[in-house]
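Okay, structure first, notes after.
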Amino acid sequence: MRMIKIFDTTLRDGEQSPGCSMNAAEKLRMARQLEKLRVDVMEAGFAASSPGDFNSVKEIAETIKEVSVCSLARALKSDIDAAAEALKNAVEPRIHTFIATSPIHMEYKLMMTPDQVIDSAVEAVKYSKQFVSNIEFSAEDATRSDVEFLAKIFDAVIKAGATTINIPDTVGYTVPDEYVKFITDIRNACPALDNVDISVHCHNDLGLAVANSLASLKAGVTQIECTVNGIGERAGNCSLEEAVMAMKTRIDYIGADTRINTTEIMGTSQLLTNITGVRVQPNKAIVGENAFAHEAGIHQDGVLKNKQTYEILTPESIGITEKSLVLGKHSGKAALRNRLNELGFQVSDEELQVAFEKFKKIADKKKDVHDSDIEAMMTKEAIQVPKTYTLHRFVVNSGNTITPTSVITLVKDNRKVEKVGRGDGPIDASFHAIEQIVGRKLHLEDFQLQAITEGKDSLGDATISISEERDGRKVVKRGRGLSTDVVEACINAYVEAVNKLIHEEDSGERIHAQL
Ligand code: KIV
Ligand code: ZN
């Protein structure tokens, strides 16, 4: 069977999408899950873009053993130095260097001639070669580049040592048949491509990222670049779960497969949602809430008689199981540790103690504690931001004939500070009270509240993004709160976002290198 390599860029291109930034602990957790999912390569980040990104690539490179770990680098020695240093302890390091090749990018963005672009690319690959043998070269905006020019630059970088050549549809512009012809034309003009991996990296601006990636297999492509839930710049990247499950389900026609452990797909998708707070649309293929829901009576009737009438893949094949109920208030520490291990959390004795206390609080309020409650609880535990402010108590007064008020007491440096806020509702009033306590001008960017698991006693899961102006720049931070009381969940989410803003201010700003 023809095996296609899956290059996951959730932690790099995916992380570039609004609202999807992750801290180092969150990225490491995601990286571990990608290893379980069995991607072939994971792009852990862009080491040169900030000290935070550098450390995160380094930590992932030192932890992940079964998957090749990669860092992005512009065709610049300083970027390649940072990537090589961050990857130096990886079992199978890959440097992914790139430069734009389309006339518009070369003229207006790079302000370089085509010959200068070729020289930079060759120099970058040769320079990378002294650190690693596994080198990917990407021609940014390839689909709006000239075929002859691409053939020339690919020939040159392959001679310099590139082992994978990526032909990205950076702006999501191409369509399937055109892409197949384009890649075939480049291959005909550059026979050296027969000796390396050929990769595609498709953006979803026209909703064609998955279709283009799958079509490219007809042109002999050996690697697909994608992200979990299809997150990524603008409209996102090729969705990993869609590309993988399309190959698996239509293996009869496509004739290609991957080494992905598909039963980890749902868990990976949910982990990303838990970490970022960015949910997938309910009708999203494969991992959307409704992907396996049969609503129409005629469909339900058919499925009851024979599932295959309307189901082309099974929920089990992507890891959806019936088993969701796990623990209750009488469960002990050993049972919690056992369940945590099954869910992929390795905890020390001290961490187990912290988790157990948290679990007991949830179990006291809820009858049944589900996997998703535990996932949410642990993901929150992993957020290592100093708790400058913590909630001491809150009292809300609300109704349809009064102006809602909220009295909030937060603790900072062992000192209690209390304020009263008024608002359109108890949550709005609470946010105003917090704003007064922290003395900052904050703007609410995004607010999502949903119940995790079913039932009246389910946990309220609040995700809040707030922003503040700093030196003419908008800084956005996201916080998450969980509680059986939705107002408390919202207050905790808001306080966490405030703590993140303060932490970033204290530890220096993240500088995003310009791509
Ligand atoms: O979209 C793109 O072209 C990229 C490159 C850096 C591969 O993300
Ligand atoms: Zn991209």
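Please treat every number below as a calculation from the coordinates, not as lab data. Keep in mind it's a predicted model, so treat the numbers as computed, not measured. Methodologically, a virtual Cβ is constructed for each residue, glycine included, from the backbone with ideal geometry; neighbour enumeration extends over all protein chains shown.
Results, tabulated for the structure shown:
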{"read-out": "Within the chain, helix-based [θ] at 222 nm, where runs of 4 or more DSSP H residues each add -39,500 (n - 2.57), nearest 500", "value": "-12000 deg cm²/dmol"}
{"read-out": "Hull volume in cubic angstrom per residue (convex hull over the Cα atoms of segment 2-276)", "value": "111 Å³"}
{"read-out": "Shape category assigned to segment 241-324 from the gyration tensor of Cα positions, a/c cut at 1.5", "value": "oblate"}
{"read-out": "Calculated from backbone phi, Karplus (6.51, -1.76, 1.60) coupling profile of segment 26-33 in Hz, x at Gly/Pro", "value": "5, 5, 5, 5, 5, 4, 4, 5"}
{"read-out": "0 to 90° range, to nearest 10: angle between helix 333-342 axis and the chain longest Cα axis", "value": "20 degrees"}
{"read-out": "Segment 307-315 - phi-based ³J(HN,Hα) in whole Hz, Karplus 6.51/-1.76/1.60, Gly and Pro as x", "value": "3, 5, 4, 10, 10, 8, 9, 9, x"}
{"read-out": "Solvent-free Debye scattering, log10 I(q)/I(0), computed from the Cα coordinates of segment 404-487 at q = 0.14, 0.22, 0.23 Å⁻¹", "value": "-0.57, -1.16, -1.21"}
{"read-out": "Shape of the chain, Cα gyration tensor, a/c cut at 1.5", "value": "prolate"}
{"read-out": "Cα long-axis angle, helix 486-507 against the chain (0 to 90 degrees, to the nearest 10)", "value": "50 degrees"}
{"read-out": "Those trypsin sites (Lys or Arg not before Pro) in segment 270-359 that DSSP places in a loop and that have at most 13 other beta carbons within 10 Å", "value": "323"}
{"read-out": "Cα long-axis angle, helix 240-249 against the chain (0 to 90 degrees, to the nearest 10)", "value": "70 degrees"}
